[in-house]
Amino acid sequence: MHMLNPHCGIDRDSRGVVRLTICNAGSLNILNTTVINHVREGIESLAADRDIRVLIVAGQSEKSMIGGADIKEMVTLDQRSAETFISGLRALCDAPRHFPAPVIARIPGWSLGGGLEFAAACDFRVAAHDAKFAMPEVKVGIPSVIQAALLPRLIGWGRARWLIMTAATIDAPTALSWGLVDAVAAEGALDAEVEKLVEALLDCAPEALRSQKAMLRQWEELPLKESMDLSVGVFGDAYLTGEPQRLMAGFVNRKR
């Protein structure tokens, strides 16, 4: 593993798949300000690399990808420093949303608070069979904020309200049925389940996939008509990459 900084290491394979591992943040990968900044910097430093086809985010242990934000730091905050802290966490969560290639959250064990917010900001979430999910902030006197706003889009208002306002913990099968995660692995098969998704993404045209991700992010913010208007130009621009001509010709000329 090549260390980008003390809290961020990467492994890269010949297919353009990069696994970014959050390191040296305790057994649960807890986010204090230093870890937040280093992981964000690591993700952002990879964003310009057009050879990356898929980014997988993982934790150093099997206890969690990100367990949550550091309550030992948060208990020392005041109003101003609290806003600074949460702005840093927001910037971290924005990093996978704006990363050009698809981002997969590999989720073993616990995914709590800021850890679940980060996972929600990734394009895909693959969970271990025994993963657990919760937004426990209201139990310690703070609201769930920033990327928690994505939860109603993923699981609907009723379930998001239940998760955020009761601080309930849900298991992996429930998270799957709610649409909070995209796949749940069998016991001992988390990496195999992640690889199935990686292979599906690698089977797609890389420039088209980057374009599709960017457009999906814009659709989240735009009214329907503006989304459709935007799509016309994006569709035309796809022909500048050469991918449609090459891949459609292969389909048309395939042996029957």
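The values are calculated or read from the model by the stated rules, or taken from the named source; none is laboratory data. From a predicted model like this one, the values you see are computed outputs, not experimental measurements. Please note: Cβ atoms are built from the backbone with ideal geometry, for glycine as well, and neighbour counts cover all protein chains shown. Just so you know, the surface numbers come from the protein's heavy atoms only, side chains and all, with ligands and any DNA or RNA stripped out. Shrake-Rupley method; radii C 1.70, N 1.55, O 1.52, S 1.80 Å.
Using Rg and Dmax of the Cα atoms in Å as the read-out, say which of [x] 19.0, 69; [y] 21.3, 78; [z] 18.7, 76 was calculated from these coordinates. Correct label is [x]. Using a 1.4 angstrom probe on heavy atoms only, work out the carbon and sulfur share of the accessible area of the chain in %. The C+S portion of the solvent-accessible surface of the chain is 58 percent. Of the cross-linked pairs 72/139; 132/196; 196/225, which ones have a Cα-Cα span greater than 24 Å in the structure shown? Among 72/139; 132/196; 196/225, the Cα-Cα distance tops 24 Å for 196/225. Ligands, DNA and RNA are left out, and with a 1.4 angstrom probe the accessible area of the range 94-202 is 40 Å² per residue. Distances between placed amide hydrogens fall under 5 Å for residue 183 paired with 125, 127, all partners being 5 or more residues away or on another chain. Between residue 30 and 67, the built amide H atoms are under 5 Å apart, and every one of these is 5 or more places off in sequence or on another chain. Dividing the helix sum by the residues of the chain, where each DSSP H run of 4 or more adds -39500 (n - 2.57), gives a mean residue ellipticity at 222 nm of -14500 deg cm²/dmol. Annotation: extensible slack from residue 142 through residue 157 equals 3.4 nm (criterion: 0.36 nm per residue apart, minus Cα-Cα distance). If you sort 98, 2, 129 by accessible surface, 1.4 Å probe, largest first, the order is 98, 2, 129.
Spin-label model, residue 62 to residue 212: label points 7 Å out along the Cα-to-beta-carbon direction sit 3.2 nm apart. Residue order by solvent-accessible surface for 49, 203, 130 is 203, 130, 49, largest first, with ligands and nucleic acids left out and a 1.4 Å probe. Do any trypsin sites (Lys or Arg not before Pro) in the range 59-108 lie in a DSSP loop with no more than 16 other beta carbon atoms within 10 Å, and if so, which? Counting only loop positions with at most 16 other Cβ atoms within 10 Å, the trypsin sites (Lys or Arg not before Pro) in the range 59-108 are 63.
Using the Cβ-Cβ distance between residue 203 and residue 98 with R0 set to 25 Å, the FRET efficiency from 1/(1 + (r/R0)^6) comes to roughly 0.55. How much net charge surrounds residue 34 when only other residues with a Cβ under 10 Å from its Cβ are counted (Lys, Arg +1; Asp, Glu -1)? Summing Lys and Arg as +1 and Asp and Glu as -1 gives -2.
With both labels modelled 7 Å from their Cα along Cα-to-Cβ, the residue 48 to residue 1 distance reads 2.6 nm. Placing pseudo-labels 7 Å out from each Cα toward the beta carbon at residue 224 and residue 149 gives an inter-label distance of 2.3 nm.
Toward the positive end of the charge dipole of the range 112-193, with +1 on the Cβ of Lys and Arg and -1 on the Cβ of Asp and Glu, the farthest Cα among 136, 157, 190 is that of 157.
With every protein chain in place and a 1.4 angstrom probe, the accessible-area ranking of 204, 8, largest first, reads 204, 8. Comparing 180, 240, 55 in a Gaussian network model of the chain, where Cα atoms under 10 Å apart are tied by springs, the biggest mean-square fluctuation is seen for 240.
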